[in-house]
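Chemist: My questions all concern the structure below.
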Amino acid sequence: MSSFITSARFTRHEFEEYVQPLISFDTHTASSDSLTRSLEAAHAIAFRSALGSSLFAPDHPHFGVDDIKAFAQRAFVKDNVAVIGTNIEASTLNKLVDTSFAGVPGASAVDETPASCYFGGETRLEAAHGGLQTVFVGFGTTNVDASAELATLAAHLSTTPSVKWARGLSPMVQAIPEGTSVQSMYLPYSDAGLFGLVVSGRTAEGAREAGKVAVEVLKNSTKGLTEDELKSALAKAKFGAASAVESREGLIRDLGAKVMVKSLVGLTDQLDFVDFHGRYVC
């Protein structure tokens, strides 16, 4: 890892023969997935630039090997590197880091990204061939202190059952028409967040009707929860936060963001201070 940061060789043939085909494959795969397209569009509308930028490069990217080398020289510096270790003593990890990364430059020349702004809006995209009719209904926020409440709301509305083969206790389950689905999600970032409901159906009419029902359930939920509903949502949110780091991808995603913001324990502690109306009591 240290040799890649200090002396990586970005060869032209690797970029053209291995990287570019993977870029094209990922882009084409994403363009045919209705969920991915809806999330991409939602981010673009909510934040426009920065967080609103697509995760997928175009088929014919405007950058090349020289651009990648120039970026690496600015980005691979000590100020931009965080090392997270699991199942290793801190003293051992510190010694390895100090030795291995001694040759990494200390100054960062990468331009700082401005703080995220939420805009919002509406758009329509042509459905992918053979894909589901999908609607994303949601909102963004630049208030990172609202993470606990939004995570609790997403857990309350989630149609994923806590027990296998169960139908689930979400108010969405009984309300949406047959043949449609609603998936709640909360996507937190370092200085912003995106909360939403992804509504899918085989037909446009079904997705439209399910979207109306989902919005109505969301409005009712934000007015306040009963004590039992809140306890159930908090337990589900805590379990989701803890289980997110069980996989390698989840560990990187969760702890990587927490390096800049807060720890996982901080989020679960926040959940203890959400009252029965979805607000902090402290």
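Bear in mind these aren't lab numbers, they're just calculated from the coordinates by the rules spelled out. All values derive from a computational prediction rather than experimental measurement. All Cβ positions, glycine included, derive from the backbone under ideal geometry; neighbour counts span all protein chains shown.
Chemist: Using per-residue counts of other Cβ atoms within 10 Å, averaged over each peptide, order 42-51, 138-147, 151-160, 9-18 from highest down.
Modeler: My ranking of the peptides, most packed first, is 151-160, 42-51, 138-147, 9-18.
Chemist: For F119 and F71 in the same chain, what is the full-extension length gain: residue separation times 0.36 nm, less their Cα-Cα distance, in nm?
Modeler: 14.3 nm
Chemist: Can you list residues whose amide H is under 5 Å from G138's amide H, if they're 5+ apart or on another chain and H is modeled 1.01 Å from N?
Modeler: L197
Chemist: Taking the convex hull of the Cα atoms, report for the stretch 2-100 its projected area averaged over all directions, in nm².
Modeler: 9.1
Chemist: Let me ask something additional. What is the gain in length, in nm to one decimal, between A127 and A235 on full extension, counting 0.36 nm per residue of separation less the C-alpha to C-alpha distance?
Modeler: In short, 35.2 nm is gained.
Chemist: Between V163 and E227, what is the FRET efficiency for a Förster distance of 22 Å, r being their Cβ-Cβ separation, to the nearest 0.05?
Modeler: Computed FRET efficiency for V163 and E227 comes out at 0.55.
Chemist: Please compute the length gained on full extension between F25 and T86, using 0.36 nm multiplied by the number of residues separating them and subtracting their Cα-Cα distance.
Modeler: My answer for the length gained is 18.7 nm.
Chemist: Another question, if that's okay. Rounded to the nearest whole Å³, what is the per residue volume of the convex hull around the Cα atoms of the chain?
Modeler: 173
Chemist: Still on this structure, I have one more. Are any of the pairs K164/K219; K164/K236; K212/K238 more than 25 Å apart by Cα-Cα distance, and if so, which?
Modeler: Cα-Cα > 25 Å for K164/K219; K212/K238; rest within.
Chemist: Would you list which lysines come within 26 Å of K69, measuring only between C-alpha atoms, while excluding same-chain residues fewer than 8 positions from it?
Modeler: K78
Chemist: Over all directions, the average projected area of the alpha-carbon convex hull for the stretch 84-238 comes to how many nm²?
Modeler: 15.0
Chemist: Something else: Counting each DSSP H run of 4 or more residues in the chain as -39500 (n - 2.57), what helix-only mean residue ellipticity at 222 nm follows after dividing by all residues, to the nearest 500 deg cm²/dmol?
Modeler: Result for the chain, helices only: -13500 deg cm²/dmol.
Chemist: Along the positive direction of the dipole of the chain (beta-carbon charges: Lys, Arg +1; Asp, Glu -1; about the Cα centre), which of T134, F76, T29 reaches farthest?
Modeler: The listed residue farthest towards the positive side: T134.
Chemist: If you average the alpha carbon positions of the stretch 3-69 and of the stretch 86-102, how far apart do those two centres end up, in angstrom?
Modeler: 32
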